[in-house]
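Shown next, in C-alpha cells, is the structure this report addresses.
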Amino acid sequence: MPELKPDQVIILDNATFHKSLKTQQLIASAHCHLLFLPPYSPDLNKIEPQWANLKQGVRANHNSDLTLHQKLDLQLVKMSEP
C-alpha cells in the first residue's frame, strides 16, 4: 500500500480475496482503481503456453504401456531439449 499513488490502476486476477470488500476498501483508501482480468485469460498468463505444450505432448503419446507420470516425464525431457 505505501507504494501506491493516487489514480493508479491495480490489475488483479479473480482470486476470492482480491474481490473481498476489505481489498476494495484498501485500494479505494489509496485513491486507486481496480481492474480485474477476465475469468480465463491464457494470453495474459505466461505459463499457459507451456501447459498447452505439455498436455499436447502427453495426449500425442498413445503408448498405453506408459503411466501418466512416465508420459509427463518423457514430454518434459522433450520440451527441455534445444
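What follows draws every value from the coordinates through simple rules; no lab data is involved. Just so you know, these numbers come straight off a predicted model, no measurement behind them. Counting neighbours? That spans all protein chains shown, and the Cβs are built from the backbone with ideal geometry, glycine included.
Which of the lysines could a cross-linker span from residue 71 if the Cα-Cα distance has to be under 17 Å and same-chain partners fewer than 8 positions apart are dropped?
Answer for residue 71, where 17 Å is the Cα cut-off: 55, listed by chain and number.
Give me the net charge of residue 66's neighbourhood, meaning all other residues with Cβ under 14 Å from the Cβ of residue 66; Lys, Arg count +1, Asp, Glu -1.
My count for the surroundings of residue 66 gives +1.
Counting other Cβ atoms within 10 Å, keep those with at most 15, restrict to DSSP loop, and tell me which chymotrypsin sites (Phe, Trp or Tyr not before Pro) in region 19-78 are left.
Qualifying residues, ordered by number: 40.
Going by how many other beta carbons lie within 10 Å of each one, how would you line up 65, 7, 73, fewest first? Each step should come with its number before you reach the end.
Working: 65 5, 7 9, 73 12.
Fewest-to-most Cβ neighbours within 10 Å comes out as 65, 7, 73.
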